[in-house]
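Student: Got a structure for you, written out below as structure tokens; questions coming shortly.
The values are calculated or read from the model by the stated rules, or taken from the named source; none is laboratory data. All values reported here derive from a predicted model rather than from experimental measurement. Neighbour counts are summed over all protein chains in view; Cβ atoms, including those assigned to glycine, are modelled from backbone coordinates with ideal geometry. Just so you know, the surface numbers come from the protein's heavy atoms only, side chains and all, with ligands and any DNA or RNA stripped out. Shrake-Rupley method; radii C 1.70, N 1.55, O 1.52, S 1.80 Å.
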Amino acid sequence: MIVKQIWTANSYRNFNYLIACPETGDALAVDPLDHEKCLKAAKDEGWQIKQILNTHEHRDHTGGNEQMVARTGARILAHKNAKDRIPGMDRGLGAGDVIKVGKTVELEVLDTPGHTMSHVCALSRTDQPALFSGDTLFNAGAGNCHNGGHPAELYKTFSEQLDRLPESTQIYPGHDYIENNLRFTLDREPDNKAAKDMLGRLSGQDPSHAYVSTLAIERQVNTFFRLTSPSVVAALRKVFPDLPEKPDPQAVFLKLRELRNKW
Ligand SMILES: [Zn+2]
């Protein structure tokens, strides 16, 4: 599997992706909002885009579909419940479905509600597992729930699915928010050395050569995976005095999500 991360340089800071089979040159475009950049990248590599995967229905993920289909004839794949909101959808996806790209690439579909209720992530189960996480999991952060989502569902997705993936899973999110997210982590946990070092290293990084984290690294720097950290809980209790001294992880997650909205 070859992955090409494409930085759109737009104000929403979207990342688009091409996932290609090295044998056939067939490619899948993930959320190809900037269809021009995606098409150019495919052309430069000699790849043919045959499929589009929309992680969810928001316009900054689906806005390139029409042009991409017009230029390549690619089929559109997305969560089966998004079919009324994504025009021209060809294949509705559910948990456990497999997306094949060329001869060598297989991606497993995860049904990951929370950011919206029809959001999928794609997991490649190769020697080097990789997760295309859309707006569910960001580097050092979690998706918001403002436009059709539910924080309790997002927690469930984190705890029952993402938290159980292999530690070495590479994380390919839908947006570049890493700097801001690390600042949020450090605002909760000023003693988080891994987050501090990473912010120092990545401040002002060129997102066209973005850092790629793993689940193991997310556990160190992503507050939404650090629900039992004594520093996280202590800092939250200053803002939410009703939070018990030993709160359950879901309560911590929901308070973090609430705080992140205002931060
Ligand atoms: Zn979104």
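Student: Do we have residue 186 as open to solvent by 20 Å² or more (accessible area, probe 1.4 Å) and either of a type in the set (A, V, I, L, M) or within 16 Å of the ligand (Cβ to nearest atom) (or both) here?
Tutor: Against the criterion (open to solvent by 20 Å² or more (accessible area, probe 1.4 Å) and either of a type in the set (A, V, I, L, M) or within 16 Å of the ligand (Cβ to nearest atom) (or both)), residue 186 qualifies.
Student: If residue 238 meets every condition in (1) basic (Lys, Arg); (2) free of Cβ contacts under 8 Å to residues at least 12 places away in the same chain; (3) closer than 17 Å to residue 163 by Cα apart from one, which number is that one?
Tutor: Residue 238 satisfies all of (1) basic (Lys, Arg); (2) free of Cβ contacts under 8 Å to residues at least 12 places away in the same chain; (3) closer than 17 Å to residue 163 by Cα except (3).
Student: Just one of the numbered conditions (1) more than 18 Å from residue 57 (Cα to Cα); (2) in contact (Cβ under 8 Å) with a residue 40 or more places away in the chain is not true of residue 180; which one?
Tutor: It fails just one condition, (2).
Student: Can you tell me which residue in segment 124-141 is farthest from the chain's Cα centre (by Cα), limited to those that are more than 12 Å from the ligand (Cβ to nearest atom) and crowded, with 20+ Cβ neighbours inside 10 Å?
Tutor: Result: 124.
Student: Would you list the strands (runs of 3 or more DSSP E) that sit entirely within segment 34-114 and hold 3 or more residues that are open to solvent by 10 Å² or more (accessible area, probe 1.4 Å)?
Tutor: 48-53, 105-111
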